[in-house]
Amino acid sequence: MKAMTKTQDISIIKNEAMSKHTSWRTGGVAKQYVQASSLTALASFIASLPENEELLWLGLGSNTLVRDGGFNGTVIATQGVMSQLVLVDETIVYVGAGVASAKLAKFCAKHGLTGAEFFAGIPGLIGGALAMNAGAFGGETWPLVIEVETLNRHGEIKKRKADEFEYGYRSLKGAANEWFVSATLRLTKKQPGIETDSTIDIKQLLAKRAASQPTGVASCGSVFRNPEGLYAARLIEDCGLKNKRIGGAVISQKHANFIINDNAASASDIERLIRLIQQKVKQKHHVMLHTEVRIVGEDLPANGKPEVVA
């Protein structure tokens, strides 16, 4: 049974359906779903949790699949907190982890800065973009980072320089058991009459995305990372998998690296389709596709009792 506890600073919902908070619109329940009114309140709450409590930081839920058996831990909602977005000087921007990537792109364009246009194509928050070095249209998050602030299990906020992390294609290493609070980014000032208007660039990029990718549907964006020198979508399409369906989950006819919740798909439907794609691509092309999406929680077997799946 769902129960809610609310104080001035913290809202806790027990047994919250994660289908309400992920862009795939499916998944089991979380033991507790937490929203904080401020970073200070959030830090205090995290410090009060048992050391072994499993945490899932969730922004817009665009890169997460929660299995049907649910998540036996605490989900931290970052949307609505850590929302600062400040122009520090001519080319330096301070952005909170709870700011939408698209909002950052528009903010930079408004202030005559270039280099952040690609964020318009990332359907999530800055915290998630930092955690996976998210990118789009040839741009990536971490080349712009000067420093970040992180929060650890003890509720301590630390400042870390960019060189304390090692980033690669859709990957990041460094500062284990710490979560991003903010980032300070260096952009480039647009030179009038030399560079194009960033606002126009963003519109063109979004038009390009709409023409080539399914929008306005329940998906997570790209499911798989592109293997080095290859494109996941082309490999999947070459296996004849476009429009392949398992239950309510279907591979997009428009872009083969998208799986759509087309008809009340379960998380299991989506995960089984992911595994099928990996199997077929490995058989035909001898390439193992790795997911961009996080798959978390417990599966729900036929007897209705959850079990942990590796």
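The values are calculated or read from the model by the stated rules, or taken from the named source; none is laboratory data. Remember, it's a predicted structure, so these values are computed and weren't measured experimentally. Counting neighbours? That spans all protein chains shown, and the Cβs are built from the backbone with ideal geometry, glycine included.
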Taking segment 1-38 on its own, how many of its residues are touching an Asp or Glu at 6+ places or on another chain (Cβ under 9 Å) and within 27 Å of Pro123 (Cα to Cα)? 11
Under the condition of being over 18 Å from Arg275 (Cβ atoms) and in contact (Cβ under 8 Å) with a residue 40 or more places away in the chain, which residue from segment 239-258 is farthest from the chain's Cα centre (by Cα)? Lys254
For residues in segment 161-179 being outside any loop (DSSP other than H, G, I, E, B) and of a type in the set (Gly, Ala, Ser), which is surrounded by the most Cβ atoms within 10 Å (Cβ to Cβ)? Ala162
Looking at segment 31-58, I want the residues that are under 17 Å from Glu178 (Cβ atoms) and assigned by TED's automatic domain parsing to the domain that holds Glu178 and have a partner that is of a type outside the set (Lys, Arg) and assigned to a helix (DSSP H, G or I) with Cβ atoms under 6 Å, at least 6 apart or on another chain. Which pairs are those? none
Near pairs, Cβ below 7 angstrom, 6+ apart or cross-chain, from segment 278-289 (closer than 16 Å to Lys242 by Cβ) to any residue that is of a type in the set (S, T, N, Q) and surrounded by 14 or more Cβ atoms within 10 Å (Cβ to Cβ): Leu289/Gln278
Among the residues in segment 60-71, are any in contact with a Pro (Cβ under 6 Å, 6 or more places away or on another chain) and farther than 30 Å from Leu113 by Cα? yes
What's the number of the only condition in (1) in a helix (DSSP H, G or I); (2) under 19 Å from Phe137 (Cα atoms); (3) free of Cβ contacts under 8 Å to residues at least 12 places away in the same chain; (4) not β-branched (Val, Ile, Thr) that Arg234 fails to meet? (3)
Of the residues Ile274, Ile251, Ile270, Ile259, which is modelled with pLDDT of 95 or more and under 18 Å from Ala17 (Cα atoms)? Ile270
Is it fair to say Glu147 is at pLDDT 95 or above and surrounded by fewer than 18 Cβ atoms within 10 Å (Cβ to Cβ)? yes
In the set Leu151, Leu130, the lone residue that is within 22 Å of Trp179 (Cα to Cα) and either touching a Lys or Arg at 6+ places or on another chain (Cβ under 8 Å) or assigned to a strand (DSSP E or B) (or both) is Leu151
Kindly indicate whether any position in segment 94-108 is surrounded by 16 or more Cβ atoms within 10 Å (Cβ to Cβ), among the hydroxyl-bearing types (Ser, Thr, Tyr) and not in a loop (DSSP other than H, G, I, E, B). yes
Tell me which residues, restricted to segment 266-297, are under 15 Å from Gly70 (Cα atoms) and not in a helix (DSSP H, G or I). Ser266, Arg294, Ile295, Val296, Gly297
Before we move on, is Gly69 assigned to a strand (DSSP E or B), over 13 Å from the mean Cα position of the chain (by Cα), at pLDDT 95 or above and small (Gly, Ala, Ser)? no
Residue check for Gly229: under 23 Å from the mean Cα position of the chain (by Cα) and on the phi > 0 side of the Ramachandran plot: no
